[in-house]
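Report on the structure given below.
The numbers here are math on the coordinates, done by the rules we state, and not lab data. Computed from a prediction, not measured in an experiment: that's the story for all the values here. When we count neighbours, we look across all protein chains shown, and the Cβ atoms used for this are built from the backbone with ideal geometry, even at glycine.
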Amino acid sequence: MEEFKRAVAKEALKFIEDDMIVGLGTGSTTAYFIEYLGKLIMEEELEDVYGVPTSYQARLLALENGVPVVGLDEVDAIDIAVDGADEVDPHLNLIKGRGAALTMEKIIEYRAGTFLVLVDEGKLVERLGQRMPVPIEVIPAAWRAIAEEIEVFNATAELRMASKKDGPVVTDNGNFILDARFHRIDDPLDLEIELNNIPGVVENGIFADIADIVLVGTKDGVKKLER
Ligand SMILES: O=C(CO)[C@H](O)[C@H](O)COP(=O)(O)O
């Protein structure tokens, strides 16, 4: 799997040109991309490329690897955003947010000229929710009420607990994460909108209709899927 991640991260570099503003995703696959991007910038093979991080993780990695960072409010536009995903369906709808960075990821990726997704073939599914729950970022005070309300969608939601901290995961925005398992997701776009209509929901991890290109690491090399 690490080999596939490195392969798609390398392939993603072909999409980056001088003078680009690049949205920097979160997770282990994007970490390779940030590392390789930093190398090209340090070797002056790419000039005037700036990264807009989607998380503290992406920001720290960018700084560590020599990718200059700017905030979303400092740029006029984002040329391309590069990020991983947890599931990809045949229409290139995604589930994201295992790393709890889904809100900033969606804010940046929605606005990118091109949204490029990097996955290995194990992330391809016939239907979203087949393997992974849908992460939902919620205002802390509302977590229990929202977890109960989500049952209306034939789903169960669990508060995500931290592993190196006592208590729940707290996102970069100071919120909690609910991981919701749906019996069946027939219409990802509809569910994405419905979930965001619940008061107290900040954002959810369904990314319907926004991925432009998905690079898939397979044992036969990197495959390109386009919408
Ligand atoms: O959505 C994410 C973080 O919020 C990640 O992009 C997603 O979980 C994929 O991560 P990885 O590349 O480590 O498998």
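Working ranking of peptides 179-190, 96-107 by packing, defined as the average number of other Cβ atoms within 10 Å per residue, highest first, is 96-107, 179-190.
Could you please tell me the mean projected area of the C-alpha convex hull for the range 134-205, averaged over all directions and given in square nanometres to one decimal?
On the way: hull surface 18.6 nm².
Dividing the Cα hull surface by four gives the mean projection, 4.7 nm².
Panel order for Glu158, Glu35, by other beta carbons found within 10 Å of each beta carbon, from fewest to most: Glu158, Glu35.
Note on Val70 and Lys164: the extension gain reaches 30.9 nm, defined as 0.36 nm multiplied by sequence separation minus the Cα-Cα distance. In the range 1-61, the convex hull through the Cα atoms has an average projected area of 3.8 nm², a quarter of its surface area.
Which length gain, in nm to one decimal place, applies between Arg144 and Asn173 when the Cα-Cα distance is subtracted from 0.36 nm times their residue separation?
Details: separation 29, 0.36 × 29 = 10.44 nm, distance 1.86 nm.
Full extension from Arg144 to Asn173 adds 8.6 nm.
Taking a span of 20 Å or more along the helix axis (Cα atoms) and a mean Kyte-Doolittle hydropathy of at least 0.0 as the rule, the DSSP H helices of the chain that qualify are 28-42.
Volume per residue for the chain equals 120 cubic angstrom (convex hull of Cα atoms). Residue exposure proxy: Thr171, Thr29, Thr114, ordered by other Cβ atoms within 10 angstrom of their Cβ from fewest to most, comes out as Thr114, Thr171, Thr29. Build a GNM of the chain with springs between Cα atoms under 10 Å apart, and of Glu203, Glu64, Glu74 the one that fluctuates most is Glu74. Rg and Dmax of the range 108-227, based on Cα coordinates, read 15.8, 48 Å. Label point of Lys224 set 7 angstrom out along Cα-Cβ; within the range 1-24, amide nitrogens under 15 Å from it belong to 8-17.
Across the range 95-145, the fraction of Cα-Cα pairs farther apart than 16 Å, rounded to a whole number, is 56%.
Would you mind working out the magnitude of the charge dipole of the chain relative to its Cα centre, with +1 at each Lys and Arg C-beta and -1 at each Asp and Glu C-beta, to the nearest 20 Debye?
Working: 23 positive and 44 negative charges, 179 e Å.
With only Lys, Arg, Asp and Glu charged at Cβ, the dipole is about 860 debye.
How far, in nm, would the chain grow between Glu44 and Phe15 when pulled straight, counting 0.36 nm per residue and subtracting the alpha carbon separation?
Here the answer is 8.8 nm.
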